[in-house]
Amino acid sequence: MKMRSLLLGTGAAFALLPAAAMAERGDSGHVNLIYYQAPSIMNPYLSSGTKDLEASSLVIEPLVRFNPKGEMLPWLVTEIPTVENGGISADLTSITYKLKPGLKWSDGTDFTAEDVVFTGQYCMDPEGGCAQSARFEGVKSIEAVDATTVKITFDEPKAYPYLAFASYESPILQKAQFENCTGTKAPTCSEQNFKPIGTGAFKVDEFRPNDVISLSANDNYRDPALPHFKTMTLKGGGDAAAAARSVLETGEFDYAWNTQLAPEVLDQMLKAGKGTSEVAFGSLVERIEINWTDPSASLPEGERSTAKHPHPIFGDEKVRKALSMAIDRQLLADVGYGNRGQPTCNLVPAPENYASSNTECLTQDIEGAKKLLDEAGWKVGSDGIREKDGKKFNILYQTSTNAVRQDYQSIIKQWWAEIGVNAELKNVDGSVYFGGDPGSPDTFQKFYADVEMYANNFAGTDPEQYLAMYTCDKAPRPETGWQGENINRYCDEAYDKLVVELGKTSDLEKRGELAKKMNDMLTKDTMTIIPLVYRGTASAKSNSLIGSQINAWDSELWNVAEWSRAK
């Protein structure tokens, strides 16, 4: 099947879900959300943390969204461009979007094509650091044909052009608000980054970083009957258990995001009967990331975890593979997630067309791992810790604060100890760890550790943008304000060439082959990424909250305008 045929035949499939027949805007009063990883910014171009992207999706919106089935929805545009309707050029080198008429920003001004053009320029500014730059891979230009028409032109034919301005990862910023916040100035604009003017169902009234957000209905929202809730509080902080308990047991909150809990803990909470656990599988994978650079504190600030200093231990593939071989992924899946997770060796676990048959990591092999380390010259010392050339095999293993993740750290530390590797454990509050503060030493982007663990996924059902994150130029570094999606600092020219090839390949079977090859390069071939568990996206909601539809392919808050209170 050709991608062209997909682009030709999709036009009739995209339709927005009908809004609930309710009386008027604000008729459901107040709603309380809790995100135990508290949002630290409302600008997704300056953060890779899902908690920040989720919060910002309440206010700023993309041109195109994905529904829970992974289908594209024309959100701020009249239709999804295709070759058939003329929105995509016959040679696949451009895509043109028609904005819905009459759109307004929450301050009452007109939403125009110039705002879209500006947003692209904001992210692609060479003097700035953009957390979503992979979505603009291969973009040659973005132009406003007229006030309601935007044309994106690519360097080469783009088989899957729905990356820029699609999903909650790439929303539109208001030009008038952000035009003096480009390049190196971007992180300094606190008012703009904390209280963006948007087209979404809600607007920010007060933003306290890493604490609480107070919001109210956008008076200029395009549907006069929505949103149903007049006001909203999004509370941050605490932990996953306390967040889930506040919905499922005490009823203090209506919705708890990312209830990452052991199955027996969650099952006990559900017995209270005040809410339900919502689960959806998309592409979320819990993984261990290998740092290809040296994070040593002995290095000058600005040089730690940069390409100037390769990692002193992980340059040997046998060492990286040994760490993976020591892990029992099935046990981790059972302990952490039950039927909400399954062991995986893949960075891209779904959709099926893009999922590699890579399964060799599923069998734990402690003895095999020991042999590899022996071959690599790491000999066991008198204290049981391996050493080579006078250097002990000591590593720092960090992750966010979460009971399941701390269990994983403890278990994996024991397995690594069995093969002679000593891991020091560190956990960081998720609000900080997944924040984008360039001044913090504890963000996952800065990666001041040897290995780190978290989960990530991609929006929509095509992994092109996700795989494009690992090109050489996307490594976080001081020059980008520590923004960048290539967390590992992985760099392979052959991989970079495959990213370009995937971008212009239209045959779906060949796209699948390329994606699998790239997945394998990052996982089993180099162990740059050590996948652990393919997880379901899980959250908790109150029985009194209706209309929410958990979404593993976009923001969980994608249809928040339609949420309401049961009468």
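Take the Cβ-Cβ distance between ASP91 and ALA417 as r, set R0 to 45 Å, and report the resulting FRET efficiency rounded to the nearest 0.05. Please report the intermediate quantities before stating the final value.
Details: r = 57 Å, r/R0 = 1.28.
Efficiency at R0 = 45 Å is approximately 0.20.
Can you tell me the equivalent ellipsoid semi-axes for the stretch 431-567? Use √(5λ) from the Cα gyration tensor, largest first, whole Å. Please list the in-between numbers first.
Details: eigenvalues 192, 101, 38 Å².
Square roots of five times the eigenvalues give 31, 23, 14 Å.
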Output for the stretch 459-501: GluC sites (Glu not before Pro) sitting in coil per DSSP, at most 14 other Cβ within 10 Å, listed by number, reads none
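Helix-only estimate, please: 222 nm mean residue ellipticity of the chain, summing -39500 (n - 2.57) across DSSP H runs of length 4 or more and dividing by its residues, to the nearest 500. Walk me through the numbers before you get to the answer.
Details: 15 runs with 129 residues, N = 567.
Theoretical 222 nm ellipticity from helices: -6500 deg cm²/dmol.
So what's the projected area for the stretch 421-465, the Cα convex hull averaged over all directions, in nm²?
On the way: hull surface 18.8 nm².
Orientation-averaged projected area of the Cα hull: 4.7 nm².
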Can you compute log10 of I(q)/I(0) for the stretch 154-226 with the Debye formula, treating each Cα as one identical point scatterer, at q = 0.17, 0.23, 0.25 Å⁻¹?
-0.85, -1.16, -1.23
Counting pairs on different chains as well as pairs 8 or more places apart, how many Lys pairs in the stretch 234-342 have Cα atoms under 29 Å apart?
4
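Starting from the coordinates of the alpha-carbon atoms of the stretch 11-160, obtain the Kirkwood hydrodynamic radius over all distinct pairs and give the value in Å to one decimal. Numbers along the way, then the final one.
Details: mean 1/r = 0.0571 Å⁻¹.
In the stretch 11-160 this quantity evaluates to 17.5 Å.
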For VAL533, other-chain or 5+-apart residues with amide H closer than 5 Å (H placed, Pro excluded) are GLU286, THR344
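Please work out the FRET efficiency for the pair GLU114 and LYS185, using the Cβ-Cβ distance as r and a Förster radius of 22 Å; give the result to the nearest 0.05. Intermediate results must be reported in sequence, preceding the final value.
Values: r = 19 Å, r/R0 = 0.89.
For GLU114 and LYS185, the calculated efficiency is 0.65.
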Residues of the stretch 99-123 with the amide nitrogen closer than 20 Å to a label point 7 Å from the Cα of GLU143, along Cα-to-Cβ, please.
99, 112-123
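Counting only C-alpha contacts under 8 Å and six or more residues apart, can you give the relative contact order of the chain as a whole percent?
Numbers: 1348 pairs, mean separation 124.4, N = 567.
Worked out over the chain, it gives 22 percent.
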P(r) over all Cα-Cα pairs of the stretch 98-254, 5 Å bins from 0 to the longest distance, whole percent per bin, short to long, reads 1, 8, 14, 17, 18, 15, 11, 8, 5, 2, 0, 0
With x for Gly and Pro, the residue-by-residue ³J(HN,Hα) of the stretch 342-356, computed from phi through the Karplus equation 6.51 cos²θ - 1.76 cosθ + 1.60 at θ = phi - 60° and given in whole Hz, is 8, x, 8, 10, 10, 6, 10, x, 6, x, 4, 4, 10, 8, 5
To make sure I understand the rule: partners must be aspartates and glutamates, Cα under 17 Å from the Cα of LYS516, and not fewer than 8 residues away in the same chain. Which ones qualify?
GLU352, GLU360, ASP462, GLU464, ASP492, ASP496, GLU501, ASP507, ASP525
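When the chain is fully extended, how far beyond the present Cα-Cα distance does LYS391 get from ALA494, taking 0.36 nm per residue of separation?
Working: separation 103, 0.36 × 103 = 37.08 nm, distance 3.21 nm.
Gain on extension, LYS391 to ALA494, equals 33.9 nm.
May I ask what percent, to the nearest 5, of DSSP beta bridges between residues of the chain are antiparallel?
On the way: 59 of 78 bridges.
Expressed as a percentage, antiparallel bridges in the chain total about 75.
R0 = 35 Å: FRET efficiency of LYS104 with ASP507, Cβ-based, nearest 0.05? Kindly include the intermediate steps, with their values, before the conclusion.
Numbers: r = 42 Å, r/R0 = 1.20.
Between LYS104 and ASP507 the formula returns 0.25.
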Net lengthening on full extension, THR250/LYS517 (0.36 nm per residue, minus Cα-Cα)
91.3 nm
So if I place +1 on the C-beta of Lys and Arg and -1 on the C-beta of Asp and Glu, and nothing else carries charge, what would the dipole magnitude of the stretch 409-485 be about its Cα centre? I want it in debye, nearest 20.
140 debye
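Using 31 Å as the Cα-Cα cut-off, could you pick out the over-long pairs in LYS104/LYS504; LYS175/LYS567; LYS413/LYS524; LYS203/LYS426; LYS370/LYS510?
Details: LYS104/LYS504 35 Å; LYS175/LYS567 41 Å; LYS413/LYS524 21 Å; LYS203/LYS426 36 Å; LYS370/LYS510 38 Å.
Too far apart for the 31 Å limit: LYS104/LYS504; LYS175/LYS567; LYS203/LYS426; LYS370/LYS510.
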Sort the following peptides by mean Cβ neighbour count (other Cβ atoms within 10 Å, averaged over residues), highest first: 445-455, 212-222.
445-455, 212-222
In Å, the C-alpha Rg and Dmax of the stretch 238-367 are 19.6, 55
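Which percent of the accessible area of the chain is formed by carbon and sulfur heavy atoms (probe 1.4 angstrom)? List each step's numbers first, then the result.
Numbers: 10100 of 20420 Å².
About 49 percent, which is the carbon plus sulfur part of the accessible surface.
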Quick one: go through the stretch 320-345 and flag any residue whose amide nitrogen is under 16 Å from the point 7 Å out along the Cα-to-Cβ line of SER357.
345
So if the hydrodynamic radius of the stretch 388-506 is defined as the Kirkwood radius over C-alpha pairs, what does Stokes-Einstein give as its diffusion coefficient at 20 °C and 1.002 mPa s, in µm² per second?
131 µm²/s
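Where does each of LYS230, LYS567 land when they are ordered by accessible area, with a 1.4 Å probe and the largest first?
Working: LYS230 125, LYS567 185 Å².
I get LYS567, LYS230, largest accessible area first.
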Which value, in Å² and to the nearest 10, is the accessible area of ASP383 when all protein chains are kept and the probe is 1.4 Å?
90 Å²
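In Å², and per residue, what accessible area does the chain have when probed at 1.4 Å with the other protein chains present? Walk me through the numbers on the way to the answer.
Working: 20420 Å² over 567 residues.
Heavy-atom SASA per residue in the chain reads 36 Å².
To the nearest 20 debye, what charge dipole does the chain have about its Cα centre, counting +1 at the Cβ of each Lys and Arg and -1 at the Cβ of each Asp and Glu? Numbers along the way, then the final one.
Working: 57 positive and 78 negative charges, 114 e Å.
About 540 debye.
Using just the alpha carbons, could you tell me how many Å³ per residue the convex hull of the stretch 364-433 encloses? Spell out each step's value before the answer.
Numbers: hull volume 6.5 nm³, N = 70.
Hull volume normalised by residue count: 93 Å³.
Once Rh is set to the Kirkwood radius over Cα pairs, what Stokes-Einstein translational diffusion coefficient, in µm²/s, holds for the chain at a temperature of 37 °C and a viscosity of 0.692 mPa s? Display every interim value, and only then the final one.
Details: Rh = 24.2 Å.
Calculated translational D: 136 µm²/s.
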Distance in nm between label sites at GLN330 and THR78, each 7 Å beyond Cα in the beta-carbon direction?
5.7 nm
How much length is gained if the chain between SER440 and GLU71 is pulled fully straight, taking 0.36 nm per residue apart and subtracting their Cα-Cα distance, in nm to one decimal?
129.1 nm
Residues whose placed amide H lies under 5 Å from that of LEU73, excluding near-sequence neighbours:
ARG65, PHE66, ASN67
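The values are calculated or read from the model by the stated rules, or taken from the named source; none is laboratory data. Here the structure is a predicted model, which is why all the values come from computation and not from measurement. Cβ: placed from backbone, ideal geometry, glycine included. Neighbour counts: every protein chain shown. Surface accessibility is based on the protein's heavy atoms, side chains included, excluding ligands, DNA and RNA. Shrake-Rupley method; radii C 1.70, N 1.55, O 1.52, S 1.80 Å.
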